[in-house]
Amino acid sequence: NKGNYEHYMQKEIHEQPESLTTTMRGRLLRGGSSKAKSVLLGGIKDHLKTIRRSRRIVFIGCGTSYNAALAARPILEELTGIPVTMEIASDLLDRQGPIYREDTTVFVSQSGETADTLQALEYALENGALCVGITNTVGSAIARNTHCGVHINAGCEIGVASTKAYTSQIVVMAMLALAIGSDTISSQARREAIIDGLFDLPSKVREVLKLDQELKDLANLLIAEQSLLVFGRGYNYATALEGALKVKEVSLMHSEGILAGEMKHGPLALVDETLPIVVVATRDACFSKQQSVIQQLHARKGRLIVMCTKGDAASVCVGGACRVIEVPRVEDCLQPVINIVPLQLLAYHLTVLRGYNVDQPRNLAKSVTTQ
Ligand code: UD1
Ligand code: BG6
């Protein structure tokens, strides 16, 4: 049921304030006068000790689910102190990469049925790793076959391009970081700030959704382009990859997410007056580096669209004309949840304006159950 919306993807983008609320329901404890704020993930609480003792956390997934894990990686590393590595499920299988008994492997999958992710799970089970699932589908193969896990509870997602599952996955993995790290006293203040940020997140997403018309206008400008680059780094490297994935999979426009730190190692050669480039430059520890990236792209006459924190338009656009998308600021590790929304809206509007099928893009399936 699409309700008042024309497409499921549109509905699912706009219901993110509600889906995020459901994802967090019953899992954030506000704390009392003497009790600290904390996170309770019923599905993994009995395994936290084992996870804390593991030598490595390995995230495994495909497509958008992989990107969500990439967005959460920095906060996992920060709060747990455990090395976190990333695996695209098919690539882990192709390489038969090393997985050990001392590893915690985390399988991220909206459907819980993706063939490569499922096969990677079998492989990790054979190798004796602790297997944790993060899925949206109760009773799915990945939910059943993992040792433990967390349901993201985002509600049924119908659009082939994943939107609300992505933001709920990031939130669940941030909560996972909080839960694993909860025995470290020195990061108590940081964890409480993130929990406060989680409580505020649905209202901040509601705020960023108000940019809908602005993104439709931008889509109108970009409708006939051949290609769109998206630059990000740090917490928002994942935003660049996921934003580009959304644009290419539904609007059928070539798009590439680029790690801004790699700009000089190839991508800079593409920059000219015509190619549109989105630069994600919201406030965090990488902000000044992104300002410098913007200046260098300006110097090569790049056609820039800068995503920045509300109030920063003047400081990100010095010395050149550029379009800005101003977004509300949240705790740095949660910013990817906000920043993906304008790019979801852009992909959606580009698709409708270009006349393609939004909910069932050409050649793609919601759940890829064959290899
Ligand atoms: C559970 C109930 C929820 C109830 C709540 C009350 C279910 C599905 N969830 O939520 O309805 O309101 O208790 O306390 O009945 N699991 C995996 N792999 C996965 C995902 C989950 O093994 O990929 C396991 C978990 O380890 C757990 C169970 O499935 O044993 C349910 O997980 P989850 O729904 O996340 O647990 P709760 O949030 O505690
Ligand atoms: C397919 C979907 O390619 O599978 C994507 O079209 C999704 O939206 C990917 O990200 C992985 O699916 P899942 O269910 O394992 O998260």
Go ahead and collect, in residue order, the members of region 82-107 whose backbone nitrogen is under 13 Å from a label point 7 Å along the Cα-Cβ direction of GLN371. 89-97
Anything in the chain that counts as a DSSP H helix reaching 20 Å or more along its axis (C-alpha) with Kyte-Doolittle mean of at least 0.0? List them, would you? 63-80, 164-180, 237-251, 335-354
Tell me, how many Å apart are the Cα centres for region 10-47 and for region 175-204? 11 Å
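Can you list the trypsin sites (Lys or Arg not before Pro) in region 34-101 that are in a DSSP coil and have 12 or fewer other beta carbons within 10 angstrom?
On the way: sites: LYS35, LYS37, LYS45, LYS49, ARG52, ARG53, ARG55, ARG56, ARG95, ARG101; in loops: LYS35, LYS37, ARG55, ARG101.
For trypsin sites (Lys or Arg not before Pro) across region 34-101 that sit outside H, G, I, E and B with at most 12 neighbouring Cβ atoms in 10 Å, the list reads LYS35, ARG55, ARG101.
Could you put CYS333, CYS62 in order, starting from the residue whose Cβ has the fewest other Cβ atoms within 10 Å?
On the way: CYS333 26, CYS62 20.
Neighbour counts put them in this order, fewest first: CYS62, CYS333.
So if R0 is 22 Å, what FRET efficiency would GLU225 and SER292 give, r being the distance between their Cβ atoms, rounded to the nearest 0.05? The partial results should precede the final answer.
Working: r = 26 Å, r/R0 = 1.17.
Given R0 = 22 Å and the Cβ-Cβ separation, E is 0.30.
Take the alpha carbon gyration tensor of region 30-124, find the square roots of its eigenvalues, order them as a ≥ b ≥ c, and report rounded if a/c is under 1.5; if not, report prolate when a/b exceeds b/c, else oblate. Mind showing how you got there, number by number?
Details: a/c = 2.14, a/b = 1.80, b/c = 1.19.
Prolate, because a/c is 1.5 or more and a/b exceeds b/c.
Listing THR274, THR50, THR146, THR135 from the residue with the fewest other Cβ atoms within 10 Å to the one with the most, what is the order? Write out the running numbers ahead of the final one.
Details: THR274 11, THR50 14, THR146 24, THR135 29.
Ascending number of Cβ neighbours within 10 Å: THR274, THR50, THR146, THR135.
Roughly what % of Cα-Cα distances in the chain sit above 37 Å, to the whole percent? Walk me through the numbers before you get to the answer.
Details: 11683 of 68635 pairs.
The calculated P(r) of the chain puts 17 percent of pairs beyond 37 Å.
Once fully extended, how much extra length lies between ASP200 and ARG30, figured as 0.36 nm per residue of separation less the alpha-carbon to alpha-carbon distance?
Details: separation 170, 0.36 × 170 = 61.20 nm, distance 1.25 nm.
Between ASP200 and ARG30, full extension yields an extra 59.9 nm.
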Given the options VAL205, THR50, GLN188, identify the residue whose Cα lies farthest towards the positive end of the charge dipole of the chain (+1 on Cβ of Lys, Arg; -1 on Cβ of Asp, Glu). GLN188
Name the residue, out of GLY32, GLY302, GLY42, whose mean-square fluctuation peaks in a Gaussian network model built on the chain with Cα pairs under 10 Å. GLY32
Low-density loop GluC sites (Glu not before Pro), region 170-277, at most 11 other Cβ within 10 Å, DSSP non-H/G/I/E/B, are GLU273
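Of all chymotrypsin sites (Phe, Trp or Tyr not before Pro) in region 281-371, which ones are in loop regions per DSSP and have a Cβ with at most 15 other Cβ atoms within 10 Å?
Numbers: sites: PHE287, TYR348, TYR356; in loops: TYR356.
Answer by residue number: TYR356.
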If contacts are Cα pairs under 8 angstrom and at least 6 residues apart, what is the relative contact order of the chain in percent? 19 percent
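Each value in this text was obtained by applying a stated rule to the coordinates, not by laboratory testing. Nothing here was measured: the structure is a model prediction, and the numbers come from that model. Every residue, glycine as well, gets a Cβ built from its backbone with ideal geometry; the counts of neighbours run over all protein chains shown.
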